[in-house]
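Heads up, the thing below is written out as structure tokens.
The values are calculated or read from the model by the stated rules, or taken from the named source; none is laboratory data. Nothing here was measured: the structure is a model prediction, and the numbers come from that model. Here the Cβ is made from the backbone with ideal geometry for all residues, glycine too, and neighbour counts use every protein chain on show.
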Amino acid sequence: MSRACIFLRIPVLGVHILGNRLEGKVAVITGGNSGIGEGTAHLFAQEGAKVVIMARREDQGKAVEVAILEAGGEATFIACDVGNEQIVNSAVSQAAKTYGGIDILFNNAGGGGREHFPNETSEEFGRVVNTNLNGTLYMSQAVWPHMLKAGSGAVVNMSSVAATRGTSPKMHEKFGSTSSSYWAAKAGVDAMTRYMAGIGGADRIRVNGVRPGQIMTPGATRGTITDPDGGHHAFEGMFDLMQMLEGPGYPIDVANLVLFLSSDESRFITGQIIHIDGGTPVKI
């Protein structure tokens, strides 16, 4: 008695040719004027997206727009302060009007402060939380109706390894850290990411986050990235002790992850916050 061969026909979904993964999509990137945001804007454009660069620094944002256009991509810069709800609503409306909708949002804008607990002022704490956490809320709320109209969407929120770990007195003394407001804000972004994913699932809106570690961006680098030794991350010593992989990461490393989470290749992934940190051992 011969054995019958059974073949299963498995549908192949979301398969794209390299360089075409975001074809026809409109992507909004906050903080798209430099660092991770700038790298992601270029990568998205290379993958066929119409990119809306939002940032406060108009000269830098326009420079990124021009560079993408000269490379054959499509991009528009819109000045925006993500911590101002009225400005956010106006900028998002302008973006949707320019390209007819919005499919992808990368909530990248943010940053820490220079004051530290217990001496961090309430004004400084509020400023950092407003940019990182409130800004993520304002942008997501403004973009959400456009994704509902499109019938699907992908949101990627910028978190940090600071949201998942603590520090010892000796670590803080030797290496320093960002402000307590930054740690709190990014932990809030993580919680918001999971909450938004739970709301968006029924409408095919996926929401995920990324937690970078030692990434060589202008805001986190001592010296310059073009130095002979490649520059130094502000917390290089601490990360070098913690990482499983050697060396720093770069904006393109994060951009590649954001691209994956924004594309149909991650169609069955939502509510996740993914570390991109060279393998730091303490995670939640």
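Which of the residues that make up the range 58-95 are surrounded by fewer than 19 Cβ atoms within 10 Å (Cβ to Cβ), among the small types (Gly, Ala, Ser) and under 18 Å from HIS146 (Cα atoms)?
Hits for the range 58-95 are SER90, SER93.
Name every residue in the range 125-171 that is surrounded by 14 or more Cβ atoms within 10 Å (Cβ to Cβ), farther than 23 Å from ASP81 by Cα and not hydrophobic (A, V, I, L, M, F, W, C), in order of residue number.
Matches in the range 125-171: SER152, THR164, ARG165, THR167.
Determine whether ASN119 is over 30 Å from GLY48 (Cα atoms), of a type outside the set (A, V, I, L, M) and out of contact with any Cys (no Cβ under 6 Å at 6 or more places or on another chain).
Yes: the conditions hold for ASN119.
Can you find, within the range 17-44, the residue that is nearest to THR98 (Cα to Cα) among those that are part of a helix (DSSP H, G or I) and in contact with a Ser or Thr (Cβ under 8 Å, 6 or more places away or on another chain)?
Once the filter is applied, the top-ranked residue is PHE44.
Only one of (1) more than 20 Å from ALA154 (Cβ to Cβ); (2) at pLDDT below 95; (3) not hydrophobic (A, V, I, L, M, F, W, C) fails for GLY110. Which number is that?
(1)
Of all the residues that make up the range 241-284, how many are of a type outside the set (A, V, I, L, M, F, W, C), over 29 Å from GLY201 (Cα atoms) and assigned to a loop (DSSP other than H, G, I, E, B)?
Count: 9.
In the range 45-60, what residues are part of a strand (DSSP E or B) and either in contact with a Lys or Arg (Cβ under 6 Å, 6 or more places away or on another chain) or not β-branched (Val, Ile, Thr) (or both)?
Correct list: LYS50, MET54, ALA55.
Looking at the range 1-49, which of the residues that are surrounded by fewer than 24 Cβ atoms within 10 Å (Cβ to Cβ) and of a type in the set (D, E, K, R) is modelled with the lowest pLDDT?
Going through the qualifying residues, I end up with ARG9.
Would a scan of the range 90-112 turn up a residue that is touching a residue at least 60 places away in the same chain (Cβ under 8 Å), more than 23 Å from VAL26 (Cα to Cα), in a loop (DSSP other than H, G, I, E, B) and of a type in the set (Gly, Ala, Ser)?
yes
Mind checking which residues of the range 169-214 are of a type in the set (S, T, N, Q), at pLDDT 95 or above and not in a helix (DSSP H, G or I)?
The answer is ASN208, and nothing else.
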